[in-house]
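To start, the structure itself, in structure tokens.
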Amino acid sequence: MTRQPRCRRSVLYVPAANPKALAKAASLACDAVIFDLEDAVAPEAKDEARAALEAHFRQGDQAARQERIIRVNAVSSAWGAQDMAAAARCRPDAVLLPKVETGEALAEARRQLDGAGGAGVRLWAMIETPRGIVDLREIVSFGARDDVGLDCLVAGTNDIAKETGLPLPAGRGTIEHWLALIVIHARAFGLDAVDGVYNDFRDEAGFAAECRAGALAGFDGKTLIHPGQIGPANAAFSPGEAALAEARAIVAAFAEPANAGKGVISVDGRMVELLHAEMARRTLAKASS
Ligand code: COA
Ligand code: MG
């Protein structure tokens, strides 16, 4: 299973039990949609939500550019096996597993998914418990194996706050360190990492500030709960005009015949090395994807 680089700036949760939200999903400008069977669906609505999701996928209402992910209930829960079977029939790009705490949980999910006909469907993992954070290395090193197919980590900030009993003040200073651990483990094993949700969806300024902080912390994007958050997230996790102009200048400078074969040059009075040229090409590729 080869990992395809994807743009994951804006990743919108859509409760599978909400027909209006389901119908709207494909028309939205988010990079990815997580169809949720877990936290956004009440226990008594699980069966109905699963059936609605399958009908939605059968009807094939899909924006070609959107990545589609299904969040299932824990494999060990009363709904886990049925969710996994339904996900295999839907054939989304990936299945998102909640509260992942061990490599074995990924192995079990892989077995279930493959057994239900979902071979080739990628895995995403929520990191949202103390144990999940403490054992990130085991989870990610195992998940990154080709036969497991883990693609992306999702920070579950609401559950982290719940499990640790810590508040989530503006700036999230209480959990910043753990968010950084999620990002660095994803980077170490070539995966993506997306940030947690911002609950106060009418607070535009607060949301924009948290997007900026997430981008600076190295996240590839942010999970979202409301369509109004898509535009600001896409902007915050895209390279800005200044960064693009600088990247173009660096690539152009290295392409000049006078700089052929050089490892270090000067651009606008700053030292620029070949590693900066590589970073610049990555920035330009990100902007055009
Ligand atoms: N995905 C798709 N469409 C959504 C949406 C979502 N997550 N959230 C809202 N919408 C739609 C609404 O259906 C409504 O559509 P309409 O214009 O056709 O009537 C429109 O966007 C405006 O919605 P609004 O009235 O502002 O919000 P709401 O009160 O209907 O819903 C929430 C607010 C928080 C309940 C809703 O946004 C939601 O369920 N979000 C996802 C929650 C979730 O998945 N949580 C689990 C992961 S943390
Ligand atoms: Mg959760």
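The values are calculated or read from the model by the stated rules, or taken from the named source; none is laboratory data. Just so it is clear, the structure is predicted and the values come from calculations on it, not from any experiment. Don't worry about glycine lacking a Cβ; one is built from the backbone with ideal geometry, like all the others, and counts go over all protein chains shown. Note: areas computed on protein heavy atoms with side chains; ligands, DNA, RNA excluded. Shrake-Rupley method; radii C 1.70, N 1.55, O 1.52, S 1.80 Å.
Quick rundown of the values:
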item	result
The range 121-221 - charge dipole about Cα centre, Lys and Arg +1 at Cβ, Asp and Glu -1, debye rounded to 20	160 debye
Using alpha-carbon coordinates, inclination of helix 46-59 to the longest axis of the chain, degrees	60 degrees
Normalised contact order of the range 1-74, rounded percent, pairs of Cα under 8 Å and 6 or more residues apart	36 percent
Surface share of carbon and sulfur [accessible, 1.4 angstrom probe, percent] for the range 1-77	51 percent
With every protein chain in place, the range 200-241: carbon and sulfur % of accessible area (1.4 Å)	59 percent
HN-Hα J in Hz across the range 138-149 - Karplus 6.51, -1.76, 1.60, θ = phi - 60°, x for Gly and Pro	5, 4, 6, 5, 6, x, 6, 4, 4, 7, 9, x
Estimated [θ] at 222 nm from DSSP helical runs (n ≥ 4, -39500 (n - 2.57)) normalised by residues in the chain, nearest 500	-13500 deg cm²/dmol
Which listed pairs, of Lys46/Lys222; Lys99/Lys286; Lys262/Lys286; Lys24/Lys222; Lys24/Lys99, have C-alpha distances above 22 Å, in listed order	Lys46/Lys222; Lys99/Lys286; Lys262/Lys286; Lys24/Lys99
Cα-centre dipole for the chain with unit charges at Cβ (Lys and Arg positive, Asp and Glu negative), debye to 20	620 debye
Relative contact order computed over the chain (Cα-Cα under 8 Å; 6+ residues apart), in percent	16 percent
The chain: angle of helix 274-288 to the longest principal axis, Cα-based, in degrees nearest 10	50 degrees
Where the chain is the region considered: accessible area per residue in Å², 1.4 Å probe	47 Å²
Gain on full stretching of the segment that runs from Glu108 to Ala258 - 0.36 nm per residue minus C-alpha separation	48.3 nm
Acute angle (nearest 10 degrees) that the helix 241-255 long axis makes with the longest principal axis of the chain, alpha-carbon atoms	50 degrees
Partner aspartates and glutamates for Lys162 [C-alpha distance under 20 Å; skip if fewer than 8 residues away on the same chain]	Asp36, Glu38, Asp39, Glu101, Glu128, Asp135, Glu176, Asp195, Asp200, Glu210
Fraction of the pair-distance distribution of the range 1-137 above 18 Å, Cα-Cα pairs, percent	53 percent
Cα Rg, Dmax, the range 240-285, angstrom units	9.9, 30
Extension reserve of the Ala170-Ala188 stretch, reckoned as 0.36 nm per residue once the Cα distance is removed	3.7 nm
Loop-located GluC sites (Glu not before Pro) in the range 89-144, at most 16 other Cβ atoms within 10 Å (DSSP)	none
The chain: equivalent-ellipsoid semi-axes (sqrt of 5 x gyration tensor eigenvalues, Cα, Å)	34, 21, 20
Hz values of 3J(HN,Hα) by residue in the range 25-36 - Karplus curve (6.51, -1.76, 1.60), Gly and Pro given as x	3, 5, 8, 8, 8, 7, 6, 8, 10, 9, 7, 9
Spin-label model distance (nm) - Val134 vs Phe201, 7 Å beyond Cα toward Cβ	3.5 nm
Prolate/oblate/rounded label for the range 107-189 (Cα gyration tensor, a/c 1.5)	prolate
Relative contact order [Cα under 8 Å, 6+ residues apart], the range 177-289, whole percent	20 percent
